Amino acid sequence: MKLLVDSGATKADWIALDDAGNRLFTTQTLGLSPEVINKEEALERLEARFDIYNNRKEVTHLYFYGAGCGTDRMKNYMTGVFKEFFPNAEVSVKEDTYAAAYATNPNNEKAIICILGTGSNCSYFNGETLEQKVQSLGYIAMDDCSGNRFGRDLVRAYFFNKMPEHLAKQFEAEYNLDADIIKHNLYKEPNPNAYLATFAKFLIQHKDEPFVKEIIVKAMQTFVDNYITQYENAKEVPVHFIGSIAFYLKAELAEVLGKNGLTLGNVLRRPIDGLITYHELNK
């Protein structure tokens with residue numbers, strides 16, 4: 001049995017395939033980012049899914065693409081976790097940008113690959129490997145144009161009384177904005193980045209409001225400036241995107257990239273289905 005896993009900070013999508021490439025089961029766990037959870041939490045999240053736990057000894061190959069797995073230390077850490085849980089499996093751990101690269105670009109052409117989901121990332125794919133100009137420092141210091149950053153922007157705008165009154169009333173109706181509740185989720189609960197990203201739904205729903213549109217366009221331009229244009233050939237290759245933020249704000253992305261002379265490539269919400277195609281083409 002082969003397992004393909006795409007994990008962000010919020011959730012992880014799993015697909016099990018037999019030797020012929022037939023889909024055995026699909027499932028989902030909470031995210032498995034080593035930046036925000038420890039070994040015990042990771043094992044608990046695996047054990048919580050019966051289909052994964054019940055088949056753990058049948059797995060021969062595990063291909064894990066995960067947020068927070070961009071350094072050798074984190075790759076080795078997650079490899080150890082998975083080898084303990086899947087005792088008979090060969091384990092391959094790569095950062096989630098590889099899942100984005102393979103899913104949007106299964107023919108391995110040169111491209112810039114971006115992730116805009118709960119978190120954000122950007123790499124250049126040279127046809128074989130990914131090259132990064134920016135070393136991520138995680139959701140607190142970076143993650144420009146991500147769900148958690150948009151959530152932070154909205155919460156700040158509300159509490160600083162910068163949000164237009166009609167939007168503020170709708171924001172209040174949709175979320176519990178008690179300051180103690182927010183601080184508890186940010187400082188006492190796991191995955192504060194995922195909590196902040198829940199507010200991004202409001203931004204997408206109201207994306208045509210001038211106040212919200214300004215937040216979106218400014219964040220996208222910052223992402224272009226800080227990430228995409230770090231690559232000298234950015235205007236010569238397509239720029240592909242993975243993630244819910246990119247998917248639901250595709251029109252806005254096209255507008256901002258066009259103004260910067262960049263070519264928007266494929267935009268997918270989730271890479272997991274594309275990974276099946278990639279692994280079939282690249283056995």
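Here are some notes:
- Greater than 21 Å apart at Cα, pairs in 218/259; 110/207; 2/75; 188/218; 162/218: 110/207; 188/218
- With K and R counted +1 and D and E -1, the other residues having a Cβ less than 10 Å from that of residue 248 yield a net charge of +3.
- Förster radius 30 Å - calculated FRET efficiency between residue 181 and residue 226 (Cβ-Cβ, nearest 0.05): 0.40
- Sorted into 5 angstrom bins from 0, the C-alpha pair distances of the chain split as 1, 5, 12, 16, 17, 16, 13, 10, 6, 3, 1, 0 percent.
- Each residue of the stretch 147-242 gets 121 Å³ once the volume of the Cα convex hull is shared out per residue.
- Take each peptide in 47-54, 136-143, 102-109, 17-24, count the other Cβ atoms within 10 Å of every residue, and average; sorted highest first, the result is 102-109, 136-143, 47-54, 17-24.
- 3J(HN,Hα) along the stretch 62-67, derived from phi through the Karplus expression 6.51 cos²θ - 1.76 cosθ + 1.60 where θ = phi - 60°, amounts to 10, 10, 10, 10, x, 4 Hz, with x in place of Gly and Pro.
- Here the peptides 110-116, 28-34, 39-45 are ranked by packing, the mean other Cβ count within 10 Å, and the order with the highest first is 110-116, 28-34, 39-45.
- Extended-chain gain in nm, criterion 0.36 nm per residue less alpha-carbon gap, residue 76 and residue 18: 18.3 nm
- Inter-label distance, residue 110 to residue 217: 3.3 nm, where each label sits 7 Å from its Cα along the C-beta direction.
- q = 0.08, 0.09 Å⁻¹: log10 I(q)/I(0) that the Debye formula gives for the stretch 41-199, counting C-alpha atoms only: -0.34, -0.42
- Under a 5 Å amide H cut-off, with hydrogens placed 1.01 Å from N, residue 270 pairs with 243 among residues at least 5 apart or on other chains.
- Expressed as a fraction of 2.2 N^0.38 Å, the value expected for a compact globular protein of N residues, the C-alpha radius of gyration of the stretch 212-283 is 1.23.
- Helix 72-85 axis versus longest C-alpha principal axis of the chain: approximately 60°, rounded to the nearest ten.
No lab work stands behind these numbers, since they all come straight from the coordinates. These numbers were taken from a predicted model, which means no experiment stands behind them. Because the Cβ atoms are built from the backbone with ideal geometry, glycine has one as well, and the counts that use them run over all protein chains shown.
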